[in-house]
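Below: one structure, written as C-alpha cells.
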Amino acid sequence: QVQLVESGGGLVEPGGSLSLSCAASRNIFEFNDMGWYRQAPVKQLDLVASINVGGKTNYADSVKGRFTISRDNGRNTVALQMNTLKPEDTAIYYCYARILRSNTWGPGTQVTVAT
C-alpha cells in the first residue's frame, strides 16, 4: 500500500506562484502515472496535470502554459509548479498515483489565490 503526502499549498496573491510536492512511500516507477486533481468548493474533482512513467505530461486546458508537472524518480516525488495563479485556481489539490485502474490519493493541500 503506497502513501502519498502533499506539501506546498498556501495563500498567494493573483499572479503569484506556488510549488506543490507529492512524496510517495515507494518507488514511483511502479505507477503507470501520477499527477494532481483539484476540487473547488461545490465543484467536481478535475484533473489538473499528469505525468506517466515515461515522462509524458498532460494538462487541463485551464492551466496550460502556467503549470508544469515534473517527477524526481530518485526522490520518489512529483511536483507541480504553478505560475500566474488566478483566483479560480483556488481549490484543494490532491496528488494521485495510478496502477492500472486503481488510484491512491493523498490527503490534499489547500491552495488559495486571493488579495
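Brief remarks follow.
- Entry comment: accessible area of the chain is 54 Å² per residue, from protein heavy atoms only and a probe of 1.4 Å.
- Gain in span if fully extended, residue 40 to residue 112, counting 0.36 nm per residue against the direct Cα distance: 24.9 nm
- In a fully extended conformation the segment linking residue 98 and residue 52 would gain 15.6 nm over its present Cα-Cα distance, using 0.36 nm per residue.
- Of the listed residues 46, 89, the order by accessible area with a 1.4 Å probe, largest first, is 46, 89.
- Comparing mean-square fluctuations of 48, 78, 12 from a GNM of the chain with C-alpha springs under 10 Å, the top value falls on 12.
- GNM result for the chain, Cα springs below 10 Å: residue of 102, 21, 50 fluctuating most strongly: 102
- GNM remark for the chain: springs join alpha carbons under 10 Å apart, and the peak mean-square fluctuation among 49, 23, 60 falls on 60.
- Apolar share of the accessible surface for the chain: 49 percent from carbon plus sulfur atoms, 1.4 Å probe.
The values are calculated or read from the model by the stated rules, or taken from the named source; none is laboratory data. In this text the structure is predicted, and so the values were computed from the model without any measurement. When the accessible area is computed, the model is the full protein with side chains, heavy atoms only, and any ligands, DNA or RNA have been set aside. Shrake-Rupley method; radii C 1.70, N 1.55, O 1.52, S 1.80 Å.
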